[in-house]
Every structure is written in C-alpha cells, then in structure tokens.
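Derivation of every value follows stated rules applied to the coordinates shown; laboratory data play no part. These numbers come from a predicted model, not from an experiment. Every residue, glycine as well, gets a Cβ built from its backbone with ideal geometry; the counts of neighbours run over all protein chains shown.
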Amino acid sequence: MKALLQRVRHARVEVAGEVVGAIDQGLLVLIGVEREDDQARADKLLHKLLNYRVFADAEGRMNRSLKDVGGGLLLVSQFTLAADTRSGLRPSFSSAAPPSQGEALYDYLLAQARRQHPQVACGRFGAEMQVHLQNDGPVTFLLES
C-alpha cells in the first residue's frame, strides 16, 4: 500500500458538493492499493500513520505522532498512487489492485482506524472527489508498506 500523508490544519472531502469527511488539525492521507497488498500490509500502514512523528514538540522538532496530539485522520482512496510512472509519458496502472480488492482493503483500513483512533473521517471509494486542505508546514511524506 502507498500512503501520501500530509500534515494539515484542516481538510475536507466533497462529493457532488456535499462534505462527506472533514477534520481539523491532523493528517490527510491519500491511499493507493496495489495488487500484492493484504490486511497485514494495511495493519502495518495504519500503525505507521497513527505513530509517525510529524508534529512538533515543545522544542519545535517533529517528535509527536497523531496519537500524541489527538488529531484527526482523514483517509481518501486514490487509485492513481498505485501508478507506475518510471517510464514513458503515460502512467501504467498494472500494479494497482482491481477495484473490488482495493475497496475491500480500503474499507478494512478504515474500520481498523476507527477502532484504534477516536477521530477518523473518510472520502468515498471510487467517487469523483474534491479534496480541500491547508497543508501545515508544508509537511508531506510518501509511506509504503
């Protein structure tokens, strides 16, 4: 799985003009599911998302996690993260999971996140979404499990 993690001051996802998920301070995470992904990889990724130290401590160093700051987690499926862009001028999606597998693993990740963290919001799998955010820093990391 690939996750593009962005530290945000606030973020929201809209589908057809309706807000379907929103958070204040926390992490907006775009999720790409690949063919070889499974629940074990989703679990590993979630552990990283909740514990990755990207928030400032009292000295201004990135030393606090999402759990430490009690921030929100906004998960948004993004098929295009699974693209192979190493060659040519058009992305290849041969490594992306088929929609049924992608949705099942995204739903699993979301359910596990809601069990482990009090503030979890999400987009809508497969929908045309508009994502609005105020990136804080900016701080952005690409995580892979």
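Treating the angle as unsigned and between 0 and 90°, give the value, to the nearest 10°, between the Cα long axis of helix 99-116 and the longest Cα principal axis of the chain.
For helix 99-116, the angle is close to 20 degrees.
Pick out, in residue order, every one of the trypsin sites (Lys or Arg not before Pro) in the stretch 25-56 that is DSSP loop and has at most 14 other C-beta atoms within 10 Å; say none if there are none.
On the way: sites: Arg35, Arg41, Lys44, Lys48, Arg53; in loops: Arg35, Arg53.
Listed in order of number, the matching sites are Arg35, Arg53.
Quick check: the angle from helix 39-51's long axis to the longest principal axis of the chain, C-alpha only, nearest 10 degrees?
Computed tilt is about 30 degrees.
Would you mind telling me which residue in Ser87, Ser65, Ser95 has the biggest mean-square fluctuation in a Gaussian network model of the chain, where springs connect alpha carbons within a distance under 10 angstrom?
Taking springs between Cα atoms under 10 Å, the residue moving most is Ser87.
PRE reach from Val15 (point 7 Å along Cα→Cβ): which of the stretch 79-107 fall under 16 Å by backbone N?
From the stretch 79-107, the list is 79, 99-100, 102-107.
For the stretch 76-133, which chymotrypsin sites (Phe, Trp or Tyr not before Pro) are in a loop by DSSP, counting at most 16 other Cβ atoms within 10 Å?
Answer by residue number: Phe93.
How big is the dipole moment of the chain about its Cα centre under a simple scheme where the beta carbon of each Lys and Arg is +1, that of each Asp and Glu is -1, and everything else is neutral? Debye, nearest 20, please. Intermediate values should be presented prior to the final figure.
Details: 17 positive and 17 negative charges, 58 e Å.
In total the dipole reaches around 280 debye.
Can you pull out the GluC sites (Glu not before Pro) in the stretch 6-55 whose DSSP state is coil and whose Cβ has at most 13 other Cβ atoms within 10 Å? Spell out each step's value before the answer.
Working: sites: Glu14, Glu18, Glu34, Glu36; in loops: Glu36.
Within the stretch 6-55, the qualifying GluC sites (Glu not before Pro) (loop, at most 13 other Cβ atoms within 10 Å) are Glu36.
Using 18 Å as the cut-off for backbone N distance, which residues of the stretch 12-27 belong to the label zone defined by a point 7 Å from the Cα of Ala127 along Cα→Cβ?
12-24
Comparing Gly102, Gly60, Gly26, which has the greatest mean-square fluctuation in the GNM of the chain with Cα pairs linked when under 10 Å apart?
It is Gly60.
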